[in-house]
Amino acid sequence: MSRETVSFRLNGAPVTVAAAADRRLVDILRDDLALTATKAACRVGRCGSCMVLVNGEAVNSCLTMAWQLDGADVVSAEGLAAFPEADLVRSALAAEVSFQCGYCAPGFTVALTALLKSNPTPDEADIKAALEGNICRCTGYLSILRGAQAAVAALAAQQTAAE
Amino acid sequence: MALTILKPRTLDEAAGLLADGAQAISGGTLMQLAWLRGEAQPERLVDLGKLTRDDINEADGVVTIGAGTRLADLETSDLIARRLPLLVQAARSIAAPGVRRLGTVGGNVAGRIGCLWPALLALDARVTVFADGRETERPLLDWLALPSATILTAIRIPVPAGEIRTAYRKIGLRAAFTPSIIGAAGLLEIEDGHVRSARLAVGAGITRPQRLARSEALLTNRDLGAIDWSALRESLIDEIETTSDAYRSARYRKQAAANALVAGLGGGVAVSRRSSPRHLAPAEPIQPDESIEVSHAKLASRWGVRPDIAAKVAGTLEYLTDHRAPGMLIGRILRAGIPHANIRAIDTSAAEALPGVVAVVTAADIRGENAFGIMAADQPALCFDKVRHMSDPVAAVAAIDAETAARALSLIRVDYEPLPLVEDWEAALADGAPLVHASGNLRAEFRHERGDIEAAFARATHIVEDVYVTPRQMHGFMETEGGYIVPEADGSLTVCVGGQHGTRDRKQLSLILGLPEEKIRVVTSPTGGAFGGKDELHVQPALALLALKAGRPVRLQLDRYESVIASVKRNPMRIRMRTACDAEGRLIAQDVDVIADSGAYASLSPAVLETALEHVAGPYRIGNIRSRGRLAFTNNGICGAFRGFGANQMVFAIESQVSRLAELVGLDPVAIRRLNLRIPGEPGFFGHEVAPTERLSEMLDAASANPLWRTERGLDAEGRLVGVGMALHHQGTGLGSLPHDPGGGRLTFRADGKIEAAYGLDEMGQGVMPAIQAAVSQALGCAREDIVPVIGDTGRTPESGSTTAARGTYVIWRTARDTAPGLSLKLREAAARLLDLRANDLAIAPGGIRDARSNSGALLLRFADLAARLDLDAMPSESTDFHFPKADYTEGNSRYVFCFGAAVVRVAVDPVSGQVQVLDLDQHIAAGPIVDPAAYLGQIEGGGGQGLGFTLTEDAIMQGGAFVTRNFDTYMMPSIADAPLASRITALESLDADDPHGPRGVGEIGIGAVTPAIAAAIADATGFWPVVTPIAPEAILDALAGANHVA
Ligand code: FES
Ligand code: FES
């Protein structure tokens, strides 16, 4: 098995891993680096449980291969605390009890944090559009939507307070 | 075979590599999907990402989009938004945002199946391509015929001039994040009300990209007012070339695309516009007393936050499939790959010889019984004589890594003698059908008859008869089956695999492994969703055999494809139902014949069918009933438990029948139900006693008072048909009168001052942990935080029965009720000794012990301080065990304690595509006191979501004994865009004065009324009563067309 090394930043620190060119980022995270907050519920880009930030944007780590990672800045759910929005998102989702089994939760949290980073005042349609790629089987989504809206409200309150 | 990524520096170099057989890759998202679908992976890929432009600009009225531009950039580009808004629409329809940030415009177009194609054709796009050392510009359609060494470098689109009219529509399998069934786009350039040019196109998915010239001719050079839209529609249907697959017919694709183009360009859609909705609104809304809205805002003082939520959101909760440890082997299971065959021989020698393989197991390694199954041991742990479905396990391997395990699987040779396939469950019961089991294909048959059914039908005024067909719904738990097993030094085995009943898993494993139960510890929590689908053993037998043989810890998790083919599904049913009423609407006769698919083994299917048959009369009094249910073995995977457990299939049928009879009689849907409702206190369906607290009448009140009835029905602003419908149901809790149904739990005061509440129940997400905290803290008088739930571990928790059948809530509550007084007394006595007071003068309070005689609430002694002064070997503890309450009826299985519910639903039916959007999904529930509001709400909303999928989008389609659906790319669980826009949940908490059974579990009540309520709302909107779920958009289009003819 031919392995190459690929170097990128992961959760703020440089890493170099040996991996075949087509090894998926989700497998590198879960199996090579034992970072299991990122889940792999479909591995075909169709559930969002594997969402990570690559260069600041939420993408599916199961569709991202090792050869595409060279020099990238990757943040997995474990490293999300680096963004102030993440804390608000997590607290709001927890307070609204947005999740049940929770297996989808890290993916939603990554997607929502990325949304608030790029758009601090999303409306319901913006939130739904941003979460279109995240499947949750337990909740029927309404609790997640309520959590997301609570996070948006908390961010607005924080900004008003800061002004 | 290793993949090499080639990174040429020039287009010339790249073209050379492509000519040499390498394959181009850009973002790679479509390509990976193709690989995962089983298409061959190339050895060499040429990365075009850095070679092609990724900018968007405009010059001389032409927009140029570099092939390397990400799809997401089309959505955010100001230039595209201003000049080519059609393209923004098309881009937004592709997959989901995360995927669009990876995929490129070039990749979407070059792959030929991309969703941009119809829009680009309508925009008259051209492509620039690099071949033979130079870049040339060509019409877009030329791309389809260009040699593979050609590189797509940019898309060039002339900005349409003057007044234009555009249409774009992607028809998918659900509201968003869906494969394309067909995409259609059109653009008219208009001058003074005259169509100067017209371009119409379809494409995407299995539809070849095509311009529709003959249809365009019907528009070009016409005055807008003179366009014959219905001729255009006919022409489009005639001209579009496409094909059928397992999901949608070619006919549907053509109709939907033609409708979309006609409607989008201004021709409207031809449907009969009924002026008045079909259902009568309930006559006199009665506002039910005491019913409360279940929401955080309305129940703020009772709202609790589950103890595992923070870790789940942060991703720090370790699921059993997340466990990684050095030296742990990776397990894989070899599946039959053939639906029905005798096994002649299994040769594992090559796999065993492969370096890195530590253990290979087959049936020969089984020391105990090679058979398991909750109701009957008919499933082999590893097959030895024959295989009965595609994913029957035959062997398993444990290796040092996943690659080696995969290689080893491919080296195992199994010699099969194929047997004839048993595919249709009705045909399976015919004389001479090939046998799946030697005992016969009829796995179970249930009959029930009372009254004089023939005479009743003879005097009926109205009769409705139909066949209701329900799908092979997949549980779709996000965490696929898996976990790890550790062989311990003392010869025991620690099994950490998600499940729903640890002690039963242990018993079944003990029989297979020939290992005493005391030597097996089963940890089943936390689990990432189950819904009934992890009730039966799944990977445990093979994984345990591997761990024992390897003598090392082994982990294993099914990938989604393997889970799709191997997991238990909801039993598909065909329900023939004939229902009669008299002139006033009194139900007088009901004749029901059900045939259900069991798949290859029984699992819980007989109980599922029996539960369905318990509901043939719904909650109504019908004097004359005949029912028969048959369960057939086939080679269609395995079926069994799934939330609703057969009731929701039957409730769909009976509730639809009742609503249809209401139409015939001229009653509103509440009135006919009220007329026929069972009377509280009268015997249950089998004449058996049922528990008090019947709330059917109150649920009808709530449904009748629901404000949705007073919303606008008929056509909405988008031209969709809006309707409202309702359904009523009740569902039992617990396993029923026949099965052993134990419950119990234990409270123990711990050294750290917490109260450990130990239950052998599982947290699959439904909220066992918050329910334990809520119920026990309430019973004791302490705070939720004082309670530490310990669950799902046979090494630490007592027998509580299975975590199924909405039974956990009762077990939790009853244990708390029975043990809290004793523990409270022990704690107060211990504190009294320390404080030199009497136990009766003390009370349990949040965080500790207070003086019962004062109102101050101040703690006299914190729990932690009390614990510190107690003998660690004799900490206060109380435990109990009991049986789940059941009826004394034993001729069949029947339920005793029930929940009640009504759903009121508002839908919008799109006459363009036949697709249905659920706008409102309100559920009114009566299930006794709410234990934990968030969990209660979550169960009803979540059950509603699964019901919505069962009704509109979900079916694990099988053909020839194989699943056509392989993953979430085609198995359509609702996405957030499919969720109801609003959903109001109300609860009626009261119990009758003489009711000793406390709160009911709400795990199942949230699904049953959803399907018939949606069906009724569709009927209200369109006049069409769907009887097959998932409801086919094509059937709705046909019904609308039919209605048109009548009108
Ligand atoms: S695992 Fe990546 S999207 Fe599902
Ligand atoms: S909470 Fe279970 S999948 Fe979302």
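The values are calculated or read from the model by the stated rules, or taken from the named source; none is laboratory data. Treat the numbers as computed from the prediction; the structure is a model and nothing was measured. Here Cβ is always computed from backbone atoms with ideal geometry, including for glycine, and neighbour counts include all displayed protein chains. Just the protein is used for accessible areas: all its heavy atoms, side chains included, with ligands, DNA and RNA removed. Shrake-Rupley method; radii C 1.70, N 1.55, O 1.52, S 1.80 Å.
Figures for the structure shown
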quantity: Among (1) within 16 Å of ligand 2 (Cβ to nearest atom); (2) free of Cβ contacts under 8 Å to residues at least 40 places away in the same chain - the single one B:D593 does not satisfy; calculated: (1)
quantity: Condition met for B:V916 (β-branched (V, I, T), in contact with a Gly (Cβ under 7 Å, 6 or more places away or on another chain), more than 18 Å from B:I292 (Cα to Cα) and crowded, with 24+ Cβ neighbours inside 10 Å); calculated: no
quantity: Filtered residues of the stretch B:394-421 (kept if open to solvent by less than 60 Å² (accessible area, probe 1.4 Å) and not hydrophobic (A, V, I, L, M, F, W, C)); calculated: B:D401, B:T404, B:Y416
quantity: Options B:V469, B:V464, B:V522, B:V486: the member that is away from ligand 2 (no atom under 16 Å from the Cβ), in contact (Cβ under 8 Å) with a residue 40 or more places away in the chain, crowded, with 24+ Cβ neighbours inside 10 Å and away from chain A (no Cβ under 14 Å); calculated: B:V522
quantity: Members of the stretch B:62-82 that are open to solvent by 20 Å² or more (accessible area, probe 1.4 Å) and either facing another protein chain (nearest Cβ under 10 Å) or out of contact with any helix residue (DSSP H, G or I) (no Cβ under 9 Å at 6 or more places or on another chain) (or both); calculated: B:V62, B:R70, B:E75, B:T76, B:D78, B:L79, B:R82
quantity: Residues (charged (D, E, K, R) and touching a strand residue (DSSP E or B) at 6+ places or on another chain (Cβ under 9 Å)) located in the stretch B:483-503; calculated: B:E488
quantity: Answer from A:S91, A:S143 - the residue that is more than 7 Å from chain B (Cβ to nearest Cβ) and either away from ligand 2 (no atom under 16 Å from the Cβ) or part of a helix (DSSP H, G or I) (or both); calculated: A:S91
quantity: Of all residues in the stretch B:83-100 being more than 27 Å from the chain's Cα centre (by Cα) and open to solvent by 10 Å² or more (accessible area, probe 1.4 Å), the one that is nearest to B:P160 (Cα to Cα); calculated: B:R83
quantity: Enumeration of residues in the stretch B:542-573 that are more than 14 Å from every other protein chain (Cβ to nearest Cβ) and within 14 Å of B:G483 (Cβ to Cβ); calculated: B:A542, B:L543, B:A544, B:L546, B:A547, B:P553, B:V554
quantity: Matching entry among B:L511, B:L543, B:L515 (being among the hydrophobic types (A, V, I, L, M, F, W, C), in contact with a strand residue (DSSP E or B) (Cβ under 8 Å, 6 or more places away or on another chain) and surrounded by 24 or more Cβ atoms within 10 Å (Cβ to Cβ)); calculated: B:L543
quantity: Qualifying residue in the stretch A:62-77 (condition: within 12 Å of the chain's Cα centre (by Cα), small (G, A, S) and within 16 Å of ligand 2 (Cβ to nearest atom)); calculated: yes
quantity: Pair list, Cβ < 6 Å and 6+ apart or interchain, from the stretch B:70-96 residues that are at positive phi to residues that are in a loop (DSSP other than H, G, I, E, B); calculated: none
quantity: From the options B:D922, B:D978, B:D969, residue that is of a type in the set (D, E), over 13 Å from the mean Cα position of the chain (by Cα) and facing another protein chain (nearest Cβ under 9 Å); calculated: B:D969
quantity: Per-region count, the stretch A:39-67, residues more than 7 Å from ligand 1 (Cβ to nearest atom) and of a type in the set (A, V, I, L, M, F, W, C); calculated: 9
quantity: Any hit, the stretch B:880-888, residues being in a helix (DSSP H, G or I) and open to solvent by less than 20 Å² (accessible area, probe 1.4 Å); calculated: no
quantity: Test: residue in the stretch B:745-762 that is within 14 Å of chain A (Cβ to nearest Cβ), touching a Ser or Thr at 6+ places or on another chain (Cβ under 6 Å), within 21 Å of B:F884 (Cβ to Cβ) and assigned to a loop (DSSP other than H, G, I, E, B); calculated: yes
quantity: Only listed residue being touching a strand residue (DSSP E or B) at 6+ places or on another chain (Cβ under 6 Å) and within 14 Å of another protein chain (Cβ to nearest Cβ), chosen from B:G373, B:G356; calculated: B:G356
quantity: The stretch A:38-51 - residue that is of a type in the set (A, V, I, L, M, F, W, C) and within 14 Å of ligand 2 (Cβ to nearest atom) and, of those, most open to solvent (accessible area, probe 1.4 Å); calculated: A:A40
quantity: Whichever residue in the stretch A:110-140 is assigned to a loop (DSSP other than H, G, I, E, B) and more than 9 Å from every other protein chain (Cβ to nearest Cβ) and, among such residues, is surrounded by the most Cβ atoms within 10 Å (Cβ to Cβ); calculated: A:P122
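Residues checked against (1) assigned by TED's automatic domain parsing to the domain that holds B:G331; (2) within 30 Å of B:H475 (Cβ to Cβ); (3) assigned to a strand (DSSP E or B):
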{"site": "B:H538", "(1), (2), (3)": "yes, yes, no"}
{"site": "B:P541", "(1), (2), (3)": "yes, yes, no"}
{"site": "B:L548", "(1), (2), (3)": "yes, yes, no"}
{"site": "B:R552", "(1), (2), (3)": "yes, no, no"}
{"site": "B:I565", "(1), (2), (3)": "yes, yes, no"}
{"site": "B:R574", "(1), (2), (3)": "no, yes, yes"}
{"site": "B:T579", "(1), (2), (3)": "no, no, yes"}
{"site": "B:A583", "(1), (2), (3)": "no, no, no"}
{"site": "B:I588", "(1), (2), (3)": "no, no, yes"}
